[in-house]
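Below: the structure, in structure tokens.
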Amino acid sequence: MIEFFHVKRDIPFMSYGKITTAISLVTFLLAVFFLVHKGLNLGVEFTGGTVVELQYSQSVDLNQVRTKVDALKYGDAQVQALGTTRDIMVRLPNIKGKTSAQLSNDVLDTLKQERPDVQIRKVEFIGPSVGDELVSHGLTAITLVCLGIIVYLSVRFEWRFAVSAIIANMHDVIIILGFFAFFQWEFTLTVLAAVLAVLGYSVNESVVVFDRIRENFRKPNMRGRDVPQIIDNAITATMSRTIITHGSTEVMVLSMLIFGGAALHGFATALTIGILFGIYSSVLVASPLLLMFGVTRENMIKPVKVKQEAVV
Amino acid sequence: MNRYPLWKYLLIIVTVVVAVLYTLPNLFGESPAVQISSARATVKVDPALQERVVDIATKAGFAPDAVLTDENSVKLRFKDTDTQLKVKDAVQTALGDDYSVALNLVPQTPAWLVRLGGKPMALGLDLRGGVHFLLEVDMDAAVSKSLDKTAGEVRRQLRDKAIRYGKIDRQRDSVVVQLRDAQTVDDAANALRKGFPNLAVTPSKDANNYSVSLTFTPASLAQLKSDAVKQNVTTLHNRVNELGVAEPVIQQQGEGRIVVELPGVQDTSKAKDILGRTATLEVRLVDDDQSHIQAALAGNPPDDTVLMSDRGRNGQSSPILVRKDVELTGDNINDAQPAFDEQGQPAVSITLDSPGATIFRQLTHDNVNKRMAMILVEKGKGEVVTAPVIRGEIGGGRVQISGAMTPDQARDTALLLRAGSLAAPMNIVEERTVGPSLGKENIERGFESTMYGFLAIAVFMMIYYRVFGVSSAIALIANLMFLLALLSMLGVTLTLPGIAAIALTLGMAIDSNVLINERVREELRNGMTPHMSIQNGYAHAFATILDSNVTTLIAGLALLIFGSGAIRGFAWVHCIGIITSMYSAVFVSRGLINLFYGYRRRLSSLAV
């Protein structure tokens with residue numbers, strides 16, 4: 001039997017509680033700082049505007065393209081490389097009286113003067129009203145997911161579990177957003193989908209640990225242990241599974257990051273960060289929180305169900 | 001212990017076989033085809049047409065690989081897109097305007113699979129290339145247009161009932177009819193209430209203001225708006241059909257928005273031009289009173305007239321004064337075809353429907369020796385195409401308009417009139433064009449990343465968990481097939497985020513198996529017998545699997561409800577994937593383990 005993570009004795013995770021909480025708090029605050037300070041580099045779906053993706057048959061100098069596009073005087077135009085030296089993306093703001101087809105044709109015509117080997121791969125135009133809706137829908141979705149998870153976990157476990165899980169979760173989400181703000185990666189609709197998927201995925205992780213904590217509370221041979229020891233045991237027992245599962249998911253996501261091309265890049269990046277922090281937060285954020293909220297054995301075992309053991 | 005009853009094994013076998021059958025069609029791929037369908041109700045698609053197009057293609061030097069005929073279309077299948085394009089041009093030229101010739105992709109699914117109902121997943125625009133539009137209907141314009149029409153109707157009805165009326169004033173959100181005295185106000189109000197049951201009719205009998213005003217009730221306003229969107233959807237359908245696009249998607253989204261997806265279309269400007277145009281025809285009378293014309297040229301035209309420009313035959317436009325009252329609109333048009341008039345000039349020949357024909361006959365009967373103007377209204381601006389003198393009553397509902405137009409303009413105008421007018425103009429709020437090469441790349445990349453990720457996971461599981469790992473890997477394959485089969489059966493459109501969701505679902509589905517396998521190991525470690533370990537391992541892991549999947553499902557459902565477009569594609573796959581993974585990871589993998597270990601009496605160890 002191959003075993004990577006067989007630990008004979010429980011690792012005292014809870015005694016590191018103060019340090020890990022401090023680390024989390026610092027990363028969280030940093031993420032919030034970057035979010036407020038730098039803001040998200042929202043994709044065209046949210047801001048409205050026109051995106052043109054172009055491909056040259058031979059590699060091209062970005063600066064050249066930039067000068068050409070700037071010469072069109074379409075306000076705040078952005079030119080970026082898309083993975084290779086042949087693929088570029090031009091982002092233009094909405095201009096009154098010009099349709100996106102006109103805009104993209106203007107760009108193509110200008111660029112063709114210099115290099116005739118360029119062709120349009122994709123044009124995307126989003127009107128200004130659509131973006132606002134997407135933002136509000138996105139926020140509604142996040143709120144709804146949180147509420148749904150709180151309700152479900154409250155029913156299946158207890159409110160302390162539900163609240164700890166959701167805080168740990170939001171911690172992950174904010175940190176992903178913080179990364180996107182810090183590096184100014186483009187925040188697109190697919191990235192939003194990834195963030196929401198992380199929300200479901202990361203809760204999943206907390207649930208596995210919580211499940212074990214609940215089970216430990218009920219186990220007769222755990223009766224002598226105090227709450228931190230029970231939590232430590234639960235985390236240690238599920239650790240092997242945690243790392244293997246996340247490793248597998250991460251392999252899949254990395255595969256998307258490597259082979260998926262530009263279109264899946266943001267999605268895979270968000271998931272990678274989400275998964276890494278998901279492991280950390282479910283073990284080292286959710287569980288200390290649970291302890292802080294003062295979870296006890298009685299919370300999990302309804303008094304009626306406790307069988308009286310004869311004291312001999 | 002650890003044996004399934006026979007029916008459970010059978011259930012697993014049956015579900016897997018069904019999954020394989022319905023996944024299969026996706027493996028055969030699609031080949032380019034040219035689709036010929038009728039552009040008019042009177043032109044039928046029949047075997048003769050099939051022979052004809054095959055003949056045309058063969059003469060052009062490209063015999064089709066296969067010919068598929070259904071009720072509405074003939075499809076010729078070819079090996080590559082180059083041939084497809086050439087044949088399309090050849091067929092188009094040979095058949096002319098009676099047929100619409102479009103590019104399409106035809107699945108290469110074998111016939112026996114098709115008979116079983118197997119069909120491949122439809123590919124989203126990001127995977128096959130094409131144009132996507134989101135159009136917003138301008139509701140204010142719809143209301144305004146409807147009021148215009150109401151004003152005309154009011155006049156006609158009052159005239160029919162022989163009620164004398166003064167000015168009919170079309171105000172911002174109402175139509176006001178000025179009347180002479182209290183008696184006519186009552187008469188008019190009664191008549192109009194009968195004639196317009198949907199409108200609020202308010203009489204006013206002030207001493208110096210006898211009038212009746214008509215406004216929309218909230219209910220009729222809502223109805224009007226929903227009708228406007230519906231009519232626009234219908235009109236767009238007609239126009240897109242005229243454009244010759246295979247499998248277009250035209251759907252209402254939300255209250256006042258319409259999604260149009262045209263797979264395979266690359267020329268956005270032509271598509272947009274045809275979709276967004278609000279061309280309609282109006283027939284109005286011309287005011288040839290010299291004093292009125294002088295006043296109008298000086299800048300103050302009489303109240304019931306408006307100055308327009310006349311597109312003269314020589315190409316120079318000249319001013320012309322027309323009455324505001326619209327006698328007839330494009331809504332009464334049955335058919336419109338490009339034609340040539342007696343002088344060989346390009347023209348549009350129009351056939352009116354029967355109410356239209358009646359109105360037109362009455363109009364020409366009442367106004368002999370006067371001029372009527374044929375006005376083409378586009379984007380809210382009217383232009384007089386031609387303004388002939390009425391020589392006598394014209395019955396039969398046949399009208400020809402000719403002015404200074406090129407044959408191309410005549411063809412476009414006929415197309416727009418034939419396809420019907422839009423109830424309200426629309427603005428494009430979202431537009432996406434994806435080139436076909438990009439779509440192809442997206443598929444390849446999505447497929448590759450899923451495959452490599454899957455292989456890495458499967459190999460790891462088999463090495464790390466041995467027999468249990470093999471069963472997990474098989475369960476994962478089964479999961480993939482269940483997922484693909486369900487998506488194909490449900491007719492879900494596959495998008496790039498959808499492929500990402502498939503990959504992610506597989507990556508997450510393995511969680512259930514890891515949970516089980518780890519649990520079984522733990523039970524063994526705690527000194528349980530192998531059989532008990534399997535039993536307890538599965539039982540204990542199940543509660544955890546259920547909880548974690550439900551929470552993930554909550555996130556998936558929220559995405560499904562609030563997501564739009566690409567996100568929805570992701571959410572569908574994600575949600576279905578969670579459900580299939582529960583089935584395969586718990587039920588199927590247990591079946592395999594039971595089969596392997598369950599029938600061994602003396603089992604001393606497990607390969608886990």
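Do you know which residues across region B:171-189 are polar (S, T, N, Q) and part of a strand (DSSP E or B)?
B:SER174, B:GLN178
With respect to B:MET451, determine if the residue is free of Cβ contacts under 8 Å to residues at least 12 places away in the same chain, within 11 Å of chain A (Cβ to nearest Cβ) and part of a helix (DSSP H, G or I).
So B:MET451 fits the description; yes.
Yes/no per residue for (1) under 27 Å from A:PHE13 (Cβ atoms); (2) facing chain B (nearest Cβ under 9 Å):
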{"site": "A:PHE183", "(1), (2)": "no, no"}
{"site": "A:PRO220", "(1), (2)": "yes, no"}
{"site": "A:ARG223", "(1), (2)": "yes, no"}
{"site": "A:GLU250", "(1), (2)": "yes, yes"}
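Give the residues of region B:400-432 that are surrounded by fewer than 22 Cβ atoms within 10 Å (Cβ to Cβ), in a strand (DSSP E or B) and hydrophobic (A, V, I, L, M, F, W, C), sorted by residue number.
B:ILE428, B:VAL429 - these are the residues of region B:400-432 that are surrounded by fewer than 22 Cβ atoms within 10 Å (Cβ to Cβ), in a strand (DSSP E or B) and hydrophobic (A, V, I, L, M, F, W, C).
Please go through region A:253-288 and pick out each residue that is more than 13 Å from chain B (Cβ to nearest Cβ) and modelled with pLDDT of 90 or more.
Of everything in region A:253-288, just one residue is more than 13 Å from chain B (Cβ to nearest Cβ) and modelled with pLDDT of 90 or more, namely A:ILE273.
If you go through region B:417-426 one residue at a time, do you hit one that is within 11 Å of chain A (Cβ to nearest Cβ), closer than 30 Å to A:LYS122 by Cβ, in contact with a strand residue (DSSP E or B) (Cβ under 8 Å, 6 or more places away or on another chain) and not small (Gly, Ala, Ser)?
no
Please work out if B:ALA19 is within 22 Å of B:THR580 (Cα to Cα), buried (at least 17 other Cβ atoms within 10 Å of the Cβ) and of a type outside the set (Val, Ile, Thr).
yes
Return the residues of region A:214-228 that are in a helix (DSSP H, G or I) and within 35 Å of the chain's Cα centre (by Cα); say none if nothing qualifies.
Once the filter is applied, which keeps residues that are in a helix (DSSP H, G or I) and within 35 Å of the chain's Cα centre (by Cα), region A:214-228 yields A:ARG214, A:GLU215, A:ASN216, A:PHE217, A:ARG218, A:VAL227, A:PRO228.
Based on what the data block shows, is B:LYS86 more than 30 Å from B:ALA585 (Cα to Cα) and touching a Leu at 6+ places or on another chain (Cβ under 6 Å)?
When the stated conditions are applied, B:LYS86 does not pass them.
Search region A:164-176 for residues that are in contact (Cβ under 8 Å) with a residue 60 or more places away in the chain and in a helix (DSSP H, G or I) and pair each with any residue that is hydroxyl-bearing (Ser, Thr, Tyr) and surrounded by fewer than 24 Cβ atoms within 10 Å (Cβ to Cβ) when their beta-carbon atoms are under 7 Å apart and the residues are at least 6 apart or on different chains.
A:HIS171/A:SER24; A:ILE175/A:THR27
Can you give me the number of residues within region B:66-107 that are charged (D, E, K, R), in contact (Cβ under 8 Å) with a residue 12 or more places away in the chain and either surrounded by 15 or more Cβ atoms within 10 Å (Cβ to Cβ) or farther than 28 Å from B:PRO25 by Cβ (or both)?
Matching residues across region B:66-107 total 6.
Considering only residues that are outside any strand (DSSP E or B) and polar (S, T, N, Q), look in region B:329-345 and name the one that is surrounded by the most Cβ atoms within 10 Å (Cβ to Cβ).
Among those residues, the one meeting the criterion is B:ASN332.
Could you list, in sequence order, all residues of region A:123-141 that are buried (at least 18 other Cβ atoms within 10 Å of the Cβ) and more than 8 Å from chain B (Cβ to nearest Cβ)?
Within region A:123-141, just A:GLY131 meets the criteria.
Scan B:VAL368, B:VAL348, B:VAL326, B:VAL322 and give me the residue that is outside any strand (DSSP E or B) and surrounded by 16 or more Cβ atoms within 10 Å (Cβ to Cβ).
B:VAL326
When you go through A:LYS122, A:LYS68 one by one, which is the residue that is part of a helix (DSSP H, G or I) and among the basic types (Lys, Arg)?
Exactly one of A:LYS122, A:LYS68 is part of a helix (DSSP H, G or I) and among the basic types (Lys, Arg), namely A:LYS68.
So B:ARG391 clears everything in (1) within 33 Å of the chain's Cα centre (by Cα); (2) over 25 Å from A:ALA101 (Cα atoms); (3) not in a helix (DSSP H, G or I); (4) not small (Gly, Ala, Ser) except one condition, right? Which one?
The one condition B:ARG391 does not meet is (1).
Can you find even one residue in region B:297-309 that is in a strand (DSSP E or B), touching a residue at least 60 places away in the same chain (Cβ under 8 Å) and over 20 Å from B:ARG391 (Cβ atoms)?
Within region B:297-309 (the criterion being in a strand (DSSP E or B), touching a residue at least 60 places away in the same chain (Cβ under 8 Å) and over 20 Å from B:ARG391 (Cβ atoms)), the answer is yes, since at least one residue qualifies.
Return the residue satisfying two criteria in turn: it lies in region A:86-103 and is at pLDDT 80 or above, touching a helix residue (DSSP H, G or I) at 6+ places or on another chain (Cβ under 9 Å) and farther than 17 Å from A:GLU45 by Cα, and of such residues it is surrounded by the fewest Cβ atoms within 10 Å (Cβ to Cβ).
So the residue we want is A:ASP87.
If you take the residues in region A:52-65 that are among the aliphatic types (A, V, I, L, M) and not in a strand (DSSP E or B), which one is nearest to A:LEU103 (Cα to Cα)?
A:VAL65
Using the structure shown, decide if B:ARG466 is modelled with pLDDT of 80 or more, at the interface with chain A (Cβ under 10 Å from one of its Cβ atoms) and at positive phi.
yes
Name the residue that is modelled with the lowest pLDDT, counting only residues in region A:185-204 that are more than 8 Å from chain B (Cβ to nearest Cβ) and within 19 Å of A:CYS146 (Cα to Cα).
My answer is A:SER202.
Of the residues A:GLU215, A:GLU298, only one is surrounded by fewer than 23 Cβ atoms within 10 Å (Cβ to Cβ) and at the interface with another protein chain (Cβ under 9 Å from one of its Cβ atoms); which?
A:GLU215
Among the residues in region B:550-559, are any of a type in the set (Ser, Thr, Tyr), surrounded by 24 or more Cβ atoms within 10 Å (Cβ to Cβ) and in the same structural domain as B:SER471 (by TED's automatic domain parsing)?
Yes; the residues of region B:550-559 include at least one that is of a type in the set (Ser, Thr, Tyr), surrounded by 24 or more Cβ atoms within 10 Å (Cβ to Cβ) and in the same structural domain as B:SER471 (by TED's automatic domain parsing).
Is it true that B:LYS381 is more than 30 Å from B:VAL137 (Cβ to Cβ), surrounded by fewer than 19 Cβ atoms within 10 Å (Cβ to Cβ) and not hydroxyl-bearing (Ser, Thr, Tyr)?
So B:LYS381 does not fit the description; no.
Within region B:531-584, take every residue that is under 27 Å from B:GLY446 (Cβ atoms) and in contact with an Asp or Glu (Cβ under 8 Å, 6 or more places away or on another chain) and give me the one that is nearest to the other protein chains (Cβ to nearest Cβ).
Applying the filter and picking the extreme gives B:SER548.
When region B:434-445 is examined, which residues are found to be facing chain A (nearest Cβ under 7 Å), closer than 20 Å to A:GLY266 by Cα and of a type outside the set (A, V, I, L, M)?
Within region B:434-445, B:GLU441, B:ASN442, B:ARG445 meet the criteria.
For region B:2-45, which residues satisfy the criterion of being β-branched (Val, Ile, Thr) and in a helix (DSSP H, G or I)?
Hits for region B:2-45 are B:ILE12, B:ILE13, B:VAL14, B:THR15, B:VAL16, B:VAL17, B:VAL18, B:VAL20, B:THR23.
The values are calculated or read from the model by the stated rules, or taken from the named source; none is laboratory data. Fair warning: this is a prediction, and the values are worked out from it, not measured in the lab. Methodologically, a virtual Cβ is constructed for each residue, glycine included, from the backbone with ideal geometry; neighbour enumeration extends over all protein chains shown.
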